[in-house]
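What follows is one structure encoded as structure tokens, with my remarks underneath.
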Amino acid sequence: MSYPTLYKADDLEILSGFVPTNNGLGALTNIANAVVSEEQQGAFTFSFTYYAPNDFDDDYEIQKLLFENLKKRAVVKVKVNDFDGEKLFRIDESQFDAIGEFKEITAIAIAQYDLAANSFVSVDKKSITPAAALNEVLRSSVVPNKFTAWSDISITSNYKLEYKTVAEAIAGTEGSIIDTWRTELEWDDFTIRLWKNRGTNRGVRIAYAKNLVGLIETETGDVTTRIIPYANIDDGAGNTTKLSLPEIVVDAENVDETDLPLALPVDFSSEMQDAGYTTEDKLRTLAQAWFEKTGNNIPKISLDVDFVQLAKTEEYKEFAVLEQVALFDTVEVWHERYNKKIETRVNKYTYDPIDELYLTLELGDAKYSLSASSEITARENAQLADKINGNYSFIEDAIKKATDLITGNSGGYVVLYPPSRPAEIMIMDTEDVTTSKDVLRINKSGIGFSSSGIGGPYSTAWTLDGAFNAKFITAGTLRAIDIEGVTITGSSGYFDVLYSSFLPGLPAPQYREELQMGGGTGFNLTAQSTSKLYPAMQVRMNTNGDLGLAIEAVNENTGAVSADQVVRLSPFAGIETPLIQSDGWCYVGANADGKTASIDRTTWKTGGGPQIRYIPHRASNFETASSEEYKKNIRKVKKTAFGKTAKQVVSETDVFTYSHIADETNEKKIGFIAEQASDSLTTADGKAIDLYNSVAWLYQYAKENEAEKEALKAEVKELKDLVNKLVNEVNKCATYEK
């Protein structure tokens, strides 16, 4: 069990912005109904019941102190889930029940609590990252604080807000951090983490089924199983023809599985035009592919999983794998009805920090719910998912948006500049170049757009030297010789050769990381000091399959691979490593027959793989699993087992001295020879001694000897008593004769 720790609000470490390392006021052991709850972009809370101490409690004074200090603004440190360890929560509500003598406590993640009550006047920054923007907000807040922001997002944007709380600056208002950069939020004590993608895919898969007790499954969103495709075709001469199908509609494969098909008109004009299509057959092909491309014929799924209930139910044990996921993680749901794989994410969880187990888990579409005004619509979520999953409808949306902006434009002014000798064309929002803000400027050096007047900056421009600058480009296909940049985000990439070279900053010594994949080299990753001829470490995987993956330490001066510092992984030859070390469990695999053997480095032969060589194992202890949980048909041994007594087994087995063939030191040993031992001690193949069996037989032999010894002792005593009696009788007879 894991109990929370209580701290006063004025704990010095907490006031200094550190997670406390001291034990505070003590562990909250009289706790009940403890629940940690965290949801995407939303509340992160800890609630529990705490009982007043009993007069007979051994730790009455400590519990009294804890009970009295469970009040608003006190801080509780508690384990929040199986992945993120302990976090700090500040008590928001403390309700005392005088009759039941307990308190109901609600606490909020310390950053959420403190920053919701801290405000700032104004922040206005250009081309700034989300972490820098939030740090600027934190610095500008009217109440000094110890919080900092972190992000793995390097994309910059403008950020401007006025008269908001810090919490609103993060999420909950238009122009907030989440609204601007679509970050995924983590409250990590005194650090607010703004992730590009906070979760991961841990390979968890479950099957979708109906009406399961403890597993509430909800289908959400409109399901479209029938569309009306059409397109407006431009013949290039200014004439437009409307194209549709004679059958009018195109149905999804599962159209009959819905009670009432939902029909939707879909405009394929841009796709037809971009591909140069003009026929009904092409329109029909695009329409038929629309369902596969969008997945709109498959319902979205929301899953609420009750782990406490499922843990008691054998038929739902398959869902226990969900206990291996964290907030924002991706889970694959196999939809049996539609024969489709659907990826969904963890929205929310509740967790028992005392028994360290999940209580409930909610899977479904992301919800931005730090406050009501920050929610993203389902359509926006779908567009974001399209960008991630490779559905490129956002290109069509961009084309449509541009078309609507340009064709729907009204107003504006065309000005030749300067008036005395015009050399430029200005298209502006006002007639006066001194007051205009939105400007499209065309001259002999290029075309540029500014939203700050004619003096710029021109963040979007196409100059005469061939350079094209833009904050954001939407493109179907981008062809290039070289692409230089910081971040490329997408669904997939195809490369003949992938090469990366990176030299981290100081402190020294610096090791350059170089990676090359493809181009005939397979996979090659090195780390090389700037002052050495050869790398210190390399990871290689060749393409002919004789080696597999090799992780090797290299002599930095000669380039020779260190044979004592190498790990090789091969599907053909297994694993070679001079050392296996684990901070937790260390697993060793076995052959299909269940046998394992040790392999040392010297027995690995090139092309031949590892050769079995029996060598000693040294450990502080070897434990054999022997619980009755693992056994059946349990019977106590009385006289014989498998037709033999322990005495027979011992009598059949001799002890020998010997030396190991592979031992060059020829060290003398004492032990058994499997072929010369009782078959009750050997393994099924007759090549090894079962030590556990041997110990059991010797233990049984010892018990039988002990029983025999006790019987002999009783017999000796009886004989001794008889002898003493006879001696007494003889003595009496001698006395009578005198």
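Ordered by the number of other Cβ atoms lying within 10 Å of each residue's own Cβ, fewest first, SER459, SER16 fall into the sequence SER16, SER459. Among 3-9, 358-364, 53-59, the peptide with the highest mean count of other Cβ atoms within 10 Å heads the list, and the full ranking is 358-364, 3-9, 53-59.
By how many nm would the segment from ALA563 to TYR534 lengthen if fully extended, with 0.36 nm per residue of separation less the alpha-carbon distance? Mind showing how you got there, number by number?
Working: separation 29, 0.36 × 29 = 10.44 nm, distance 1.62 nm.
So the chain would gain 8.8 nm between ALA563 and TYR534.
Each peptide in 84-91, 654-661 was scored by the mean count of other Cβ atoms within 10 Å over its residues; highest first, the order is 84-91, 654-661.
Listed from fewest to most Cβ neighbours within 10 Å, the set GLU356, GLU39, GLU280 follows the order GLU356, GLU280, GLU39.
So for VAL539, VAL415, fewest C-beta neighbours within 10 Å to most, what's the order?
Arranged by neighbour count, lowest to highest, VAL539, VAL415 become VAL539, VAL415.
Spin-label model, ALA470 to GLN648: label points 7 Å out along the Cα-to-beta-carbon direction sit 9.1 nm apart. If you take all other residues with their beta carbon under 12 Å from the beta carbon of THR29, and give Lys and Arg +1 and Asp and Glu -1, the sum is -3.
FYI, it's all coordinate maths here, none of it is from the lab. Quick caveat, the model's predicted, so the values are computed rather than measured. Here Cβ is always computed from backbone atoms with ideal geometry, including for glycine, and neighbour counts include all displayed protein chains.
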